[in-house]
1. Of the peptides 28-36, 82-90, how do they stack up when ordered by the mean number of other Cβ atoms within 10 Å, highest first?
2. At LYS81 and ASP182, where each label point lies 7 Å from the Cα along Cα→Cβ, what is the point-to-point distance in nanometres?
3. Under a plain spin-label model, where a point goes 7 Å from the Cα along Cα-to-Cβ, how far apart in nm are ASN49 and LYS6?
4. Neighbouring Cβ atoms within 10 Å as the yardstick, rank ASP182, ASP10 fewest first.
5. Hey, which of these cross-link pairs are over 27 Å Cα-Cα: LYS81/LYS133; LYS67/LYS93; LYS60/LYS97; LYS3/LYS54; LYS92/LYS167?
6. When all C-alpha to C-alpha distances in the chain are sorted into bins of 10 Å, what percent of pairs does each bin hold, rounded to whole numbers?
7. Using a simple charge model, +1 on the beta-carbon of Lys and Arg, -1 on the beta-carbon of Asp and Glu, nothing else, what dipole does the stretch 24-158 show about its Cα centre, in debye to the nearest 20?
8. Just to be sure I understand the rule: take each whole DSSP H helix in the chain, project its Cα atoms onto its long axis, keep it if the span is 18 Å or more and its mean Kyte-Doolittle hydropathy is at least 0.5. Which ones pass?
Amino acid sequence: MEKPAKTKYDIHPLIKRRWSPRAFSDNIVEKEKLQRIFEAARWAPSSFNQQPWKYIVGVKGSDSYNKIIDTLIEFNRQWAKLAPVLVMVIGKKVDQKNRPNLTYQYDTGQSVAYLTLQAMHEGLFMHQMGGFKPSKASEYFSIDDEHDPIVVFAIGYIASYDRLPEKYQEIEKAERTRKNFDEFVFENKFGKKSEIF
Ligand SMILES: Cc1cc2nc3c(=O)[nH]c(=O)nc-3n(C[C@H](O)[C@H](O)[C@H](O)COP(=O)(O)O)c2cc1C
């Protein structure tokens, strides 16, 4: 299913086409594609080039996959189990001198954003999830105190909404919405809309 962004201004087709489906097909994700999407993740910018992101990959049928599925809240588990690959995203909270890295979540998010667009380029779709239990993730994967599980994402080929349990089908078809520019791009004063738009 296509759910292109209804934009006021023209944007790159990959950004326009990207959305977060819950219906994934059984088709496996080729290893070469996974290699390239993590290559894209690798080349994201980060504060002092600290690259605080870490990823744990789970391919369906593996222990890694089963552990990730088990960390998800029930709402997410019901649809995410369709996905051929699940990934746990982790960030390193401290720098080399063991001081807090204040941008670790920001940097890790950028890495995921790069990965997302490469995935779109490869014909894949992704769906990120904050709805998981970080404490379970830390336990299952022996993640140390310097690191935080931040998000899980599902990745794979998109499928028709009718693969989903019924209660998710309406959400899958729902319109995508966004705030207007005057709510987030300002000039002169915080909250004062920019004249650019
Ligand atoms: C950090 C983050 C956490 C999210 N958590 C969940 C989640 O737990 N469950 C879910 O179904 N979708 C989750 N989403 C997906 C968002 O709801 C979705 O990106 C948003 O509604 C915009 O829709 P779009 O990605 O299709 O444009 C999450 C997205 C992000 C970036």
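Read the figures in this text as sums done on the coordinates, not as results from a lab. Quick caveat: nothing in here was measured; it's all calculated off a predicted structure. For neighbour counting, all protein chains shown are included, and Cβ atoms are generated from backbone atoms with ideal geometry for every residue, glycine included.
1. Working: 28-36: 14.1, 82-90: 24.3.
Output ranking for 28-36, 82-90: 82-90, 28-36.
2. Label at LYS81, label at ASP182, 4.7 nm between them.
3. If labels sit at ASN49 and LYS6, their model points lie 4.5 nm apart.
4. Fewest-to-most ranking of ASP182, ASP10: ASP10, ASP182.
5. Working: LYS81/LYS133 16 Å; LYS67/LYS93 23 Å; LYS60/LYS97 38 Å; LYS3/LYS54 30 Å; LYS92/LYS167 37 Å.
Cα-Cα > 27 Å for LYS60/LYS97; LYS3/LYS54; LYS92/LYS167; rest within.
6. Calculated over all Cα pairs of the chain, the distribution is 8, 30, 35, 21, 6, 0 percent.
7. Values: 15 positive and 15 negative charges, 14 e Å.
Once rounded to the nearest 20, the dipole reads 60 debye.
8. Working: long enough: 104-121 (26 Å, -0.36).
Span-like helices in the chain: none at all.
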